[in-house]
Amino acid sequence: MRKRKGAALPGAIMLCTLLMAVTFGVAFLVVNAATTSRVESIESAYRLEFESAYRYFLKHDGSIAGFEGQTFLYSVLESGNTKGVLAKNKAGSLCFYAIIDFTTKKTLAYQTSDFYISVKDGESYLGGILPMTE
């Protein structure tokens, strides 16, 4: 009879531990889902702003003057009739870019991640097409 009474305390401790583990697990999942949703909405807003700048750039024949971006600073690279619009964050690092050939009105490159920058004869080329000199 005494052995049964002694088993109640470890059983209660195990149940409380299990309850705490489940509570922390559910809290982690809820916080993780909320954070992931918020990050995805911010990234979506960034892509939407760059898409608007890209459309403005196409419509105004390679000019970004007059476009007001809330998040990024925009600049233009050009080499002949090939022009590129770059979106940089406030720290100056490249976030998005698009390169358009205005003779044919075709988009040669449009990258939002994993940027392709090649180096030829000591000079960097954005997308392997435009020299990166501003």
What number of residues within region 53-65 satisfy the criterion of being more than 23 Å from the chain's Cα centre (by Cα) and either surrounded by 15 or more Cβ atoms within 10 Å (Cβ to Cβ) or closer than 17 Å to Tyr116 by Cα (or both)?
-> 1
Counting only residues that are touching a Lys or Arg at 6+ places or on another chain (Cβ under 9 Å) and of a type in the set (S, T, N, Q), region 11-62 contains a total of 0
For Thr23, are the conditions met, namely being farther than 30 Å from Gly69 by Cα and assigned to a helix (DSSP H, G or I)?
-> yes
Leading residue by the ranking (farthest from Glu51 (Cα to Cα)) among those in region 71-112 that are touching a Cys at 6+ places or on another chain (Cβ under 8 Å) and assigned to a strand (DSSP E or B) | Lys88
Residue within region 28-42 that is surrounded by 10 or more Cβ atoms within 10 Å (Cβ to Cβ) and in contact (Cβ under 8 Å) with a residue 12 or more places away in the chain present = no
Of the numbered conditions (1) over 18 Å from the mean Cα position of the chain (by Cα); (2) open to solvent by 40 Å² or more (accessible area, probe 1.4 Å); (3) within 13 Å of Ala53 (Cα to Cα); (4) at pLDDT 90 or above, Glu68 fails exactly one; give the number of that condition.
-> (4)
Identify, by number, the condition in (1) in contact with a Leu (Cβ under 8 Å, 6 or more places away or on another chain); (2) open to solvent by less than 40 Å² (accessible area, probe 1.4 Å) that Thr133 doesn't meet.
-> (2)
Taking only pairs six or more apart or across chains, which ones have beta-carbon atoms under 7 Å, a first residue in region 53-77 that is in contact (Cβ under 8 Å) with a residue 40 or more places away in the chain, and a second residue that is open to solvent by 80 Å² or more (accessible area, probe 1.4 Å) and not aliphatic (A, V, I, L, M)?
-> Gly62/Glu78; Ser75/Glu134; Leu77/Glu134
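The values are calculated or read from the model by the stated rules, or taken from the named source; none is laboratory data. Given the structure is predicted, the values throughout are model-derived calculations rather than measurements. A quick note on method: Cβ atoms are made from the backbone with ideal geometry, for glycine too, and the neighbour counts reach across all protein chains shown. Note: areas computed on protein heavy atoms with side chains; ligands, DNA, RNA excluded. Shrake-Rupley method; radii C 1.70, N 1.55, O 1.52, S 1.80 Å.
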